[in-house]
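This report concerns only the one structure given below.
The values are calculated or read from the model by the stated rules, or taken from the named source; none is laboratory data. Bear in mind that the values here come from a model prediction, so they are computed numbers and not experimental data. Neighbour counts run over all protein chains shown; Cβ positions are idealised from the backbone, glycine included.
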Amino acid sequence: MYKLIKKEKQARRGTFTTVHGEVQTPAFMNVATAGAIKGGVSAYDLHDIDCQVQLCNTYHMHLRPGDETVKKLGGLHKFTGFHGPILTDSGGFQVFSLAKLRNIIEEGVTFSSHIDGHKIFMSPESSMQIQSNLASTIAMAFDECMENPAEYDYAKHSTERTTRWLERCQKEMNRLNAQADTINPQQLLFGINQGATYEDLRIDHMKTIAKMDLDGYAIGGLAVGESHEEMYRIIEAVEPHMPEGKIRYLMGVGTPQNILEAVRRGVDLFDCVMPSRNARHGHAFTMEGCRNLMNAKYALDEAPLDETCTCPTCQKFSRAYIHHLFKAKEMLAMRLTVMHNLHFYNHLMQQIRDHLDEGTFEAFCDEYAEKLGQRI
């Protein structure tokens, strides 16, 4: 259940209560694709860096170790050791981003595994069944994530099919939650707004799915090639038609700057692989901008990655040491920098919440939106 506490213009401060705990919003979900953060970070580490929600990937967990295996082992919470809310995506994005050959029909999608090429069929019902086996807190509806740009007619037909798939997801989830052997019978369902970059399709779709009284609503199909300005335009078009009493999730976004601007436009929940992916390539986020630790200037720099940061990495290690680890290709370089970047994102969200509490978010956004996007 989402509770709106207060607003500053369109920006929202709230809480989201689930069977696995309460989330203070706006919030960032740390992406543990196959049950772990890439870079050697475990669920127990996530607790240490103030992560509120972990995101796991339905497609990857279905392939390895298998969702039925995870169910036999007690579900994702027991399997990974993360005790807070866990969101699983539907697998839809991976179907459309990883599969080179796919066949989309009304029943679902046939595609080839990116691991060994074997044929997989995924439908709204099978996506719900996989996510029920994983026993996540929140399941995402199965949808089609279109490429940008998409032809208008294709986008229209695809969005209509996504609506029909959502109806099937809702029906199947209700059935699964009533089964005696379901690990989490209180699993929540979020619907996904689609429509490419066409405002009329986006608005019509949002109005339609808002009537279904889902547990939350996501904006999907963005951050896939369109400009930041286009993304903000779509959020602004859709936001007035999203139920105020339900949590709002912008999928796959993004940079610290994107997050500030999306919060400003009324979004509550985010996820992105950027903080961990960039960290593995030596890029550390700080309140001054992004720092490239591969640069030779850090060879003798004894300061922490960010002198204002309280993460375990910044409390114990210097830029010079982490620079050395990257040059020596030591795995510890990635782990320490991923820990820092995820802490940075989680702490940024805490700062956003604090400023919303104090009524100073607009000033904070104006001060840092551009600064956070620059390279040091």
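The set of residues in the range 96-142 that are touching a Cys at 6+ places or on another chain (Cβ under 9 Å), surrounded by 14 or more Cβ atoms within 10 Å (Cβ to Cβ) and more than 25 Å from Val19 (Cα to Cα) contains only Phe96.
Where strands (runs of 3 or more DSSP E) fall wholly inside the range 61-153, the ranges with 1 or more residues that are more than 18 Å from the chain's Cα centre (by Cα) and of a type outside the set (Gly, Ala, Ser) are 102-105, 108-112, 119-122. Within the range 29-60, the set of residues being of a type in the set (Gly, Ala, Ser) and either part of a loop (DSSP other than H, G, I, E, B) or within 15 Å of Val273 (Cβ to Cβ) (or both) comprises Ala32, Ala34, Gly35, Ala36, Gly39, Gly40, Ser42. Residues of the range 281-304 being in contact with a strand residue (DSSP E or B) (Cβ under 7 Å, 6 or more places away or on another chain) and not in a loop (DSSP other than H, G, I, E, B), which ones? Matches in the range 281-304: His283, Ala284, Gly289, Cys290, Arg291, Asn292. Within the range 258-298, being farther than 22 Å from Ala32 by Cα and surrounded by fewer than 18 Cβ atoms within 10 Å (Cβ to Cβ) holds for Met287, Glu288, Gly289, Cys290, Asn292, Met294, Asn295, Ala296, Lys297. Can you tell me which of (1) small (Gly, Ala, Ser); (2) within 30 Å of Leu269 (Cβ to Cβ); (3) in contact (Cβ under 8 Å) with a residue 24 or more places away in the chain is the one Ala299 doesn't meet? Exception for Ala299: condition (2).
Every condition in (1) over 20 Å from the mean Cα position of the chain (by Cα); (2) among the β-branched types (Val, Ile, Thr); (3) under 25 Å from Met29 (Cβ atoms) is met by Ile322 except one, and the failing one is (3). As for the range 216-226, it holds at least one residue that is touching a Lys or Arg at 6+ places or on another chain (Cβ under 8 Å), hydrophobic (A, V, I, L, M, F, W, C) and either at negative phi or in contact (Cβ under 8 Å) with a residue 40 or more places away in the chain (or both). Within the range 221-240, identify whether any single residue is buried (at least 23 other Cβ atoms within 10 Å of the Cβ) and modelled with pLDDT under 95, and answer yes or no. Yes. If I filter the range 169-185 for residues that are crowded, with 23+ Cβ neighbours inside 10 Å, within 27 Å of Glu151 (Cβ to Cβ) and assigned by TED's automatic domain parsing to the domain that holds Gln129, do I get at least one hit? Yes: the range 169-185 contains one or more residues that are crowded, with 23+ Cβ neighbours inside 10 Å, within 27 Å of Glu151 (Cβ to Cβ) and assigned by TED's automatic domain parsing to the domain that holds Gln129.
Tallying residues that are charged (D, E, K, R) and either outside the structural domain of Met242 (by TED's automatic domain parsing) or in contact with an Asp or Glu (Cβ under 8 Å, 6 or more places away or on another chain) (or both) within the range 186-224 yields 0.
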